[in-house]
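The structure under discussion appears below in the form of structure tokens.
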Amino acid sequence: MSHDSTAAPDIAARKLTGRRRKEIVAVLLFSGGPIFESSIPLSVFGIDRQDAGVPRYRLLVSAGEEGPLRTTGGLELTAPHGLEAIARAGTVVVPAWRSITSPPPDEALEALRRAHEEGARIVGLCTGAFVLAAAGLLDGRPATTHWMYAPTLAKRYPSVHVDPRELFVDDGDVLTSAGTAAGIDLCLHIVRTDHGNEAAGALARRLVVPPRRTGGQERYLDRSLPEEIGADPLAEVVAWALEHLHEQFDVETLAARAYMSRRTFDRRFRSLTGSAPLQWLITQRVLQAQRLLETSDYSVDEVAGRCGFRSPVALRGHFRRQLGSSPAAYRAAYRARRPQAERHQGSDGLLAGPGGVPSGPAHQHGHPGHPGQAPAALHPDGPVPHQSRRTAAASALGGPSLAASASSADPGREAREAYLQARASVPGQRSAP
């Protein structure tokens, strides 16, 4: 589900000043922004669907800089309004920003600050969060963005409380979302906040999307290190952790291997990755359990032991919080939805499992020389011992994760994700792990 911060009374009581009207939504576009993210608020707030029971908004499309604005595929757009239109809006949406490494125009940042001071609701979709952060509107606040850019946002703006697990975060007068489809989730949430569940449901039916999605970005989250951390000594510690997930160790152990105090290690790890080390470690263990459930016949108790959980109860709790299902139910659903084509005989006579990974004895009992470690075939680039320690680390916090890396070779993953997304839930305003 999604986060709705307990807004402070002064936020809840904010009033629009001047010419601003609640029903006016300004969408701020920049050159170089992706067309899909940009089109989401235009479709949600710019089309009259009153015949379907959706209250009408008045849309003002504003250019954040001189045009024409170039977008995906070399298309050029001309916005009908400039920054002056933002002065009338009760909601201002920044759907995307062209580059997480370049600063937004000062004039646009000043217009956003002024809009916020005058009571407007400010929304950043995907990389639009970088524009809000550059304007200082996210200082001291919870926020999210696409998981791939969350570490950079956390490092560049350390006063922002970045949570890469969320689909969207509603902090009252400032809202942010993860990438692409999560932008639709947040726009539906805004309609729900303004006009109720019935209006949001009607709009969702028109868009042919779920009115609320369960879970967060956890199942998509790439756990590899960002490029800038690749040469950091912390990568050695991450690599060691990945190679020893079958052992029971805690964050104190990792801090000791990094020759740091726990407090220093926590701060250093979070500043570089945007994630708390304990949460990262738990997620890695859950990902390992997820893959063992998919590719082996180990019991749930055995999977718990081979992933470093102290008990099956601990595995079940963390697994349900991150994936919305019990380990046993996940395995059953995966096998029920696995395409029959995956259950063919391999060239060596062994029954092939997901993605063609053999499920014979050699692949069910760990890699030789690494008792209890996940089978070698589970690692997308071969066994961890055949990789450099930094390469292994790069598959865990900024490059492909165990779950994400295998998606191209795992035709059953989309069906599993569709199953998890379809699970009934009643989200709040913050994605639950």
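The values are calculated or read from the model by the stated rules, or taken from the named source; none is laboratory data. Everything quoted here is computed from the prediction, not taken from an experiment. Quick reminder, even Gly has a Cβ in these numbers, built from the backbone with ideal geometry, and neighbours come from all protein chains shown. To get the accessible areas, we keep the full protein, side chains included, count just its heavy atoms, and leave off ligands, DNA and RNA. Shrake-Rupley method; radii C 1.70, N 1.55, O 1.52, S 1.80 Å.
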Solvent-free Debye scattering, log10 I(q)/I(0), computed from the Cα coordinates of the stretch 64-136 at q = 0.13, 0.16, 0.23 Å⁻¹:
-0.37, -0.56, -1.15
If you count only protein heavy atoms with a 1.4 Å probe, what accessible area per residue comes out for the stretch 53-119, rounded to a whole Å²?
49
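Computing the accessible area with a 1.4 Å probe over protein heavy atoms, can you report the carbon and sulfur percentage for the stretch 1-143?
Reported share for carbon and sulfur atoms: 52 percent.
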What's log10 of I(q)/I(0) for the stretch 132-220 at q = 0.10, 0.15 Å⁻¹, Debye sum over Cα points only, no solvent?
-0.27, -0.57
Mind ordering 92-101, 292-301 by average Cβ neighbours within 10 Å, highest first?
92-101, 292-301
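Could you report the stretch 146-187's accessible area per residue, 1.4 Å probe, as an integer in Å²?
For the stretch 146-187, the per-residue accessible area is 29 Å².
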Cα-based Rg then Dmax for the stretch 26-172, in Å, read 14.8, 46
Grab the Cα-Cα distance for Thr101 and Asp139, subtract it from 0.36 nm times how many residues apart they are, and report the gain in nm with one decimal.
11.8 nm
Using a simple spin-label model with points 7 Å from Cα along the Cα→Cβ vector, what separation in nm is obtained for Arg310 and Arg58?
6.0
Restricting to DSSP loop positions (anything but H, G, I, E, B) with no more than 13 other Cβ atoms inside 10 Å of their own Cβ, which trypsin sites (Lys or Arg not before Pro) remain in the stretch 305-337?
Arg310
Please report, as a whole percent, how much of the solvent-accessible surface of the stretch 241-343 comes from carbon and sulfur atoms (probe radius 1.4 Å).
51
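Quick check on packing: order 148-161, 106-119 by the mean number of other C-beta atoms within 10 Å, highest mean leading.
Highest mean packing first, the order is 148-161, 106-119.
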Using the Cα atoms of the stretch 237-277, I'd like the radius of gyration and the largest Cα-Cα distance, Dmax, both in angstrom.
9.8, 27
